[in-house]
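The values are calculated or read from the model by the stated rules, or taken from the named source; none is laboratory data. Note that the structure is a prediction, hence the values are computed from the model and not measured. Glycine also receives a Cβ, built like all others from the backbone with ideal geometry; neighbour counts cover every protein chain displayed. To get the accessible areas, we keep the full protein, side chains included, count just its heavy atoms, and leave off ligands, DNA and RNA. Shrake-Rupley method; radii C 1.70, N 1.55, O 1.52, S 1.80 Å.
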Amino acid sequence: MADPEAERVPVPLVEPINLFDFELLAEQQMAHNEFDYVAGGATDELTLRRTRSAYEHLALRPRVLAGNAAADLSTTVLGQRIEVPFMLAPSGGHKRAHPDAELATARAAAHMGTVMGLTANSSVPIEDVAAETDGPKWFQTYFYRDRELTLEMVKRAEQAGFKAIILTLDAHWPSKRERNIRNKYKRGARANYTPAQEAQAAANSKSMFDSGQSSRGLNDPAASWADIEWLKTATDLPIVCKGIMTGEDASLCAENGVDGLIVSNHGARNLDTTLSTIEVLPEVAAAAGERVEVYLDGGIRRGTDVVKAIALGAKGVFFGRPIFWGLSYGGSDGLIKLMEILRDEVESTMMLTGRGSIEAIDASLVTPMPALA
Ligand SMILES: Cc1cc2nc3c(=O)[nH]c(=O)nc-3n(C[C@H](O)[C@H](O)[C@H](O)COP(=O)(O)O)c2cc1C
């Protein structure tokens, strides 16, 4: 008979060598409901799986004798040089992964020479994250029902030295995340809202979908493109629209004079059964043209994923969930280790495909992966 004590021996922590290892370790390390909150997607998680697996349906076409002694991974986003072509996606409440929370994330981003996206839903106040490092940071917020709150958040970010405003446009209604419903999940405290605003958010979040898990109660479901026009009069910072999944909306971004857009399905956390982001990237990039810088997020876990997204029209990519895995492994150092692994994979992919610079990565590098006969 099996010794019942023996079953309780924890699985030994191994040295992670790729991002999936970090995920496994985070699952052992983090509270179960917090891990589920990070990992989960909407309803059947069909889009969650597809957003990841779609990269496997793209093949690389490597070139040889390209004459590169090394690869230069640096690029520019909104005119800002970054050392690696990946950035940290705005994602709520890093305290759920490590007590240093967004301060650790800011240090890791600055160390890697890349952009940190900070959400209004952070565990640490905007000003404290800004003061932690000199690294480039973009601030993410929403069209709240109360436009004065949108304005206040934008002004705080401006004063704190953020370099761009990311407007998230795909979170204007509660989404059905069944892991959270089953876990009776309650979100931890957020730092940038007053108790009255939190109470208002809760009062507006009547649906079962939204019980204790979301900030959606403050967001305005009736916002429209006219609000972009209004925001442009209120700030001189560049505006990046997040949550674009069609050529039609990419054209509207361009027509409305935004500076950048992020092809994103919110990590498949909001609307299920959409396409994956890498699938819609060519359509969005074609519609955006030269007028708007295009970035992508969703399922970026390998260096090859980063290179494929750049080949199909992204100027850079963001990742979300791996931030929590890196933080849970070892705070700022853990997240740096994770990003060093991703950076080395990008470098290896570039060298082995004969691409010495980000500019040299073009559409001829990828082709649909044919099904095996
Ligand atoms: C735990 C968690 C919290 C998030 N919070 C926000 C948020 O506050 N604002 C936002 O625009 N996106 C948020 N996102 C979405 C990310 O910005 C990004 O779109 C997504 O994580 C990318 O997919 P990936 O996790 O597969 O890399 C969040 C994602 C996660 C996993």
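Structure notes:
- Scanning the range 326-370 for residues that are out of contact with any strand residue (DSSP E or B) (no Cβ under 9 Å at 6 or more places or on another chain), part of a loop (DSSP other than H, G, I, E, B) and open to solvent by 60 Å² or more (accessible area, probe 1.4 Å) gives a single hit, Asp362.
- Filter pass, Arg145 being over 27 Å from Met339 (Cβ atoms), open to solvent by 10 Å² or more (accessible area, probe 1.4 Å) and touching a residue at least 60 places away in the same chain (Cβ under 8 Å): yes
- Only one of Lys137, Lys163, Lys95 that is closer than 29 Å to Ser224 by Cα and either touching a Pro at 6+ places or on another chain (Cβ under 9 Å) or surrounded by fewer than 23 Cβ atoms within 10 Å (Cβ to Cβ) (or both): Lys163
- Options Ile336, Ile300, Ile341; residue that is in contact with a His (Cβ under 8 Å, 6 or more places away or on another chain) and closer than 20 Å to His111 by Cβ: Ile336
- Screening Arg291, Arg301 for residues that are modelled with pLDDT under 95 and either surrounded by 18 or more Cβ atoms within 10 Å (Cβ to Cβ) or assigned to a loop (DSSP other than H, G, I, E, B) (or both) leaves exactly one candidate, Arg291.
- Asn68 meets the conditions (1) of a type outside the set (Gly, Ala, Ser); (2) more than 28 Å from Asp128 (Cβ to Cβ); (3) assigned to a helix (DSSP H, G or I) in every case but one. The failed one is (3).
- Scan of the range 78-99 for residues that are assigned to a loop (DSSP other than H, G, I, E, B) and either near the ligand (Cβ under 7 Å from one of its atoms) or under 11 Å from Leu118 (Cα atoms) (or both), ordered by number: Ala89, Pro90, Ser91, Gly92, Gly93
- For the range 175-284, the helices (runs of 4 or more DSSP H) that sit wholly inside it and include 3 or more residues that are under 24 Å from Gly298 (Cα atoms) and not hydrophobic (A, V, I, L, M, F, W, C) are 178-183, 247-255.
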